[in-house]
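No value in this document is a laboratory result; all are computed from the given coordinates. What you are looking at is a predicted structure, and each value in this text was computed from that prediction instead of being measured. For neighbour counting, all protein chains shown are included, and Cβ atoms are generated from backbone atoms with ideal geometry for every residue, glycine included.
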Amino acid sequence: MSRPSTGTVDWRPNPNKPGTSCWQARYTRADKTRTPWYVLDENIAQDDEAGARAFALEFAAIAKATTKDGTGESVSAYSIRWLGQRSPQSRRDYGQQLKTHVLPIIGHVSILSLSAAHGDRLVASLDTKIAAGTMADKSARNVWGTIKKMLRDAAHAKPSTGLRCLSENPFRDVMPPERSKVRKSRQFLYPSEYLALVRHPDVPLAFKRNVSIAVFLGLRYSEQKALRWEHVDLEHGIVNVCEVFDTITKETREGTKTGQARTVPIHPALIPMLTHMNTAADGTGLVCPDLYAREATARSLRRWLERAGVDRTSLLKASAVGSRLRWHDLRATCATWHAVAGCSALEIRDVMGHTNTAMTDKYMRNAQAVRGGNFGDPFPALPVSSFKRHDGISQHETNVVSTTYEVVTEERSRSRERPRPDLRPRAHR
């Protein structure tokens, strides 16, 4: 099998930084003409030709679709240069959006010839996909945001980037894609559904632990996958969220989605499980080493819920008014449970790491809708089987843990209101 076509890759003088050199690539178009040299990632070392070829491969399909028509480079050609200056995560997401939805419509047009009419044509294409049900309105607006961002850089980027080529953004006054009149509902688990999952003997122990940590701490998938024991303070009952797993580089990096680290309180019901896991791991390494790809864990989640007898259709099947349960919805479960337990929007915002309360308010409305029904007790005590194997457990250990849960359950039954964790920072308690 021949290797994928990456075009011609060469170490050449950098036109953006005179006196320096970098890896560049050029490609052969479908009409057999050659593209200009495109600057690749300037951080690729001179002796890393394999890295340069891998980088060039990301833009091969787009580059080969460009033409020589027009008074300047095409939108497709410009997008290659623009994507080359994005982060790996953004390059993947933006590149897929452009390749699938934008470039087939306006990719051949010279970027210097773009007008509002081209923007209207692109929006009409996105609206058609929304109406046909092949694209969510949120996805369409994300695509629209990407092309607007690219054209904003084309008009206003710093001269040192070499991206500025327009006097103004031609799509600035174009109306965005339509919003769907049907707003899909957000999914979450009821306490009884969660307990059915973690109590079922067929569900793998590691999976029960992963689900419990996601529900009780409300971490994003990337945060949970990167969480290490050195960031879990069992003595003081807090977790420091300061790293994420990068799905592009497959490595852990500092920071979070919002760029800010945060402190998450550990609910008392989760302490026994984390303590047992910490002891087994000698307090080192990843907390969830068996947390696999997001899509795979979501499929497993739905499959094990169904095996455990949770047959709520809205969780297992997508519809016109709701999406099926995703792994991210375990985070929504945490926020909803906090709201049902009586926590304020500001408290939930700080725990979940939202930049404002707009997202938090959605969970507050969910809680108001379900609080009056048979919701159950949020953050129930975990059964021993959810974090310990039955074999190898002494009767003493079983009695101690069972007694702990009986005390917690008894105290809750005596209280007139549901247990409410103290989410205030420790300095303000």
Vicinal HN-Hα couplings computed from phi for segment 226-232 (Karplus, 6.51 cos²θ - 1.76 cosθ + 1.60; Hz; Gly/Pro x)
8, 5, 10, 5, 5, 9, 10
Which of 169, 188, 144 sits closest to the plus end of the dipole of segment 126-205, meaning its Cα is farthest towards the positive end, when Lys and Arg get +1 and Asp and Glu get -1 on the C-beta?
169
Taking 8 Å as the Cα distance limit and 6 or more residues as the minimum spacing, I'd like the relative contact order of segment 8-161 as a percentage.
17 percent
Sequence order, segment 121-136: Karplus ³J(HN,Hα) from phi using 6.51 cos²θ - 1.76 cosθ + 1.60, θ = phi - 60°, Hz rounded, Gly and Pro as x, gives 5, 5, 4, 4, 5, 5, 4, 4, 5, 5, 5, 7, x, 8, 8, 6
Which entries of 99/225; 129/158; 149/317; 148/257; 225/388 have Cα-Cα distances beyond 26 Å here?
99/225; 129/158; 149/317
Please give the residues of segment 187-223, grouped as numeric ranges, whose backbone N is less than 19 Å from a label point set 7 Å along the Cα-to-Cβ vector of residue 93.
219-223
Potential lengthening between residue 199 and residue 136 on full extension [0.36 nm per residue; Cα-Cα distance subtracted]
19.1 nm
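Which percent of the Cα-Cα distances in segment 8-161 go past 25 Å?
Looking at segment 8-161, the distances longer than 25 Å represent 32 percent of pairs.
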